[in-house]
Amino acid sequence: MYTQGLDIPKGDKSIPVEQGDSPEAVRFQARIDADEKIEPKDWMPEGYRKTLIRQISQHAHSEVIGMQPEGNWITRAPTLRRKAILMAKVQDEGGHGLYLYSAAETLGVSRDELVDQLLDGSAKYSSIFNYPTLTWADIGAIGWLVDGAAIMNQIPLCRCSYGPYARAMIRICKEESFHQRQGYELMLSLSRGTAEQKAMMQDAFDRWWWPALMMFGPHDTKGGAEGMKSQHSEQSMKWRIKRVSNDELRQKFVDVTVPQAEYLGLKVPDPYLKWNAATSHYDFGPIDWDEFKNVLAGNGPCNKKRLKVRREAHERGAWVREAAMAYAAKKAKRQAA
Ligand code: FAQ
């Protein structure tokens, strides 16, 4: 949708590979510093364009792969109301993927290229979607924690310097906010249920808490496993693609979520979790970065299954793409006649 009529030059040689301190680069950074939005046809350093394609496409892939863990429960939702909500939510995630692929396309890359990178396993998507949904309580935990973490990370992206990404994020955040609330409301009803339901909720919370904290990415400064320092934050913050650092967002998420867990009667699975009156934040224990690295390397509990399902869905959808292309060609021919 965004790309209609944009005529973006692919691999345009007039855009220098290195931003350096050319007059264009200086003007570009001044525009960023003045909080101006950068639009698709504006001059931009190649590194800025590549960083955006990487981040936006990873984000799009996450939304699309993220449909699977919850989609797994649509046929088994306990009531018609819950089923209708879950179907709408999963559909929303697919829609988010589409807005994001469209935003990435404005940077001169095609959706086909991006989808191929997902299917051949060379593109990343969020670590969180490689964990299984074992019980119905996982659906509540995902809405509350995963969408909760996603909103925490994505609200600042509404102020991202790149116009098409920032505008896509505004709509996405509105929908994510509904998703988070439905997840919390689901947990709230379990918290008022039987002892078995409460135990199921605690079990889901125990399994999703740490992976949710990993969603924010590596530490701003070195910590945990070898090499687990955010590589892109410094430059992305300078370009105002990212507005708040990984660790700051993670801390905000912990501070907001712990009281919500307590209200539900849940125990946070972290022996080091403690309110720190001096900093007015919760201190929390070390993240298992080896687990994170393992998931990113393709060895999480569900990585292989997620990609297999996605590849099969893509193959099964080939006839739809072919039919759409044939229809577009027929329409174009009629218009030309
Ligand atoms: N998983 O230098 P940084 C959702 C990678 S959407 C996998 O800090 P950056 C909605 C990172 O890509 C969830 N990889 O990187 C929903 C980089 O690798 P690379 C997705 C991760 O980009 C809910 C390397 O580590 N949200 O949940 C992860 O500056 C329910 C170094 O990291 C977004 O994508 C991770 N968790 O910061 C859907 C938001 N963390 O590319 C369905 C937009 C880091 O060099 C159901 N993205 N890596 O090979 C962002 O804000 C950023 O890209 C970060 C990472 C913060 C994720």
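For segment 116-149, which residues satisfy the criterion of being under 12 Å from the mean Cα position of the chain (by Cα), over 16 Å from His179 (Cβ atoms) and open to solvent by less than 30 Å² (accessible area, probe 1.4 Å)?
Of everything in segment 116-149, just one residue is under 12 Å from the mean Cα position of the chain (by Cα), over 16 Å from His179 (Cβ atoms) and open to solvent by less than 30 Å² (accessible area, probe 1.4 Å), namely Ser127.
Name, by its number, the condition in (1) open to solvent by 10 Å² or more (accessible area, probe 1.4 Å); (2) within 11 Å of the ligand (Cβ to nearest atom); (3) closer than 27 Å to Ala313 by Cα that does not hold for Met152.
(3)
Pull up segment 228-240, narrow it to residues that are within 8 Å of the ligand (Cβ to nearest atom) and assigned to a loop (DSSP other than H, G, I, E, B), then point me to the one that is surrounded by the fewest Cβ atoms within 10 Å (Cβ to Cβ).
Checked segment 228-240; the qualifying residue surrounded by the fewest Cβ atoms within 10 Å (Cβ to Cβ) is Gln231.
If you scan segment 182-206, which residues turn out to be acidic (Asp, Glu) and either modelled with pLDDT under 95 or within 17 Å of Pro78 (Cα to Cα) (or both)?
Selection gives Glu185, Glu196.
When the residues of segment 175-220 are filtered to those that are free of Cβ contacts under 8 Å to residues at least 12 places away in the same chain and part of a loop (DSSP other than H, G, I, E, B), which remaining residue is surrounded by the fewest Cβ atoms within 10 Å (Cβ to Cβ)?
Within segment 175-220, the match that is surrounded by the fewest Cβ atoms within 10 Å (Cβ to Cβ) is Thr194.
Could you please give the count of residues in segment 35-58 that are surrounded by fewer than 18 Cβ atoms within 10 Å (Cβ to Cβ) and closer than 10 Å to Ser161 by Cβ?
Total satisfying the criteria: 3.
With the checklist (1) among the β-branched types (Val, Ile, Thr); (2) part of a helix (DSSP H, G or I); (3) surrounded by 11 or more Cβ atoms within 10 Å (Cβ to Cβ) in hand, flag the one item Ile287 doesn't pass.
Unmet condition: (2).
So is Lys293 open to solvent by 70 Å² or more (accessible area, probe 1.4 Å), touching a helix residue (DSSP H, G or I) at 6+ places or on another chain (Cβ under 7 Å) and within 16 Å of the ligand (Cβ to nearest atom) or not? Explain how you work it out, then say what you get.
Details: open to solvent by 70 Å² or more (accessible area, probe 1.4 Å): yes; touching a helix residue (DSSP H, G or I) at 6+ places or on another chain (Cβ under 7 Å): no; within 16 Å of the ligand (Cβ to nearest atom): yes.
When the stated conditions are applied, Lys293 does not pass them.
Restricting attention to segment 83-115, and to residues there that are open to solvent by less than 30 Å² (accessible area, probe 1.4 Å), more than 17 Å from the chain's Cα centre (by Cα) and within 16 Å of the ligand (Cβ to nearest atom), which single residue is nearest to Cys302 (Cα to Cα)?
Leu86
How many residues, within segment 126-141, are touching a Lys or Arg at 6+ places or on another chain (Cβ under 9 Å) and near the ligand (Cβ under 8 Å from one of its atoms)?
1
Glu70 fails exactly one of the following numbered conditions: (1) within 11 Å of the ligand (Cβ to nearest atom); (2) surrounded by fewer than 21 Cβ atoms within 10 Å (Cβ to Cβ). What is the number of that condition?
(2)
Identify the single condition in (1) away from the ligand (no atom under 13 Å from the Cβ); (2) more than 28 Å from Val90 (Cβ to Cβ); (3) not in a helix (DSSP H, G or I) that Asp255 does not satisfy, given that it satisfies every other one.
Among (1) away from the ligand (no atom under 13 Å from the Cβ); (2) more than 28 Å from Val90 (Cβ to Cβ); (3) not in a helix (DSSP H, G or I), the lone unmet condition for Asp255 is (3).
The values are calculated or read from the model by the stated rules, or taken from the named source; none is laboratory data. This structure is a prediction, so every number in the text was calculated from the model and none was measured. Every residue, glycine among them, receives a Cβ derived from its backbone with ideal geometry; neighbour counts consider all protein chains shown. Note: areas computed on protein heavy atoms with side chains; ligands, DNA, RNA excluded. Shrake-Rupley method; radii C 1.70, N 1.55, O 1.52, S 1.80 Å.
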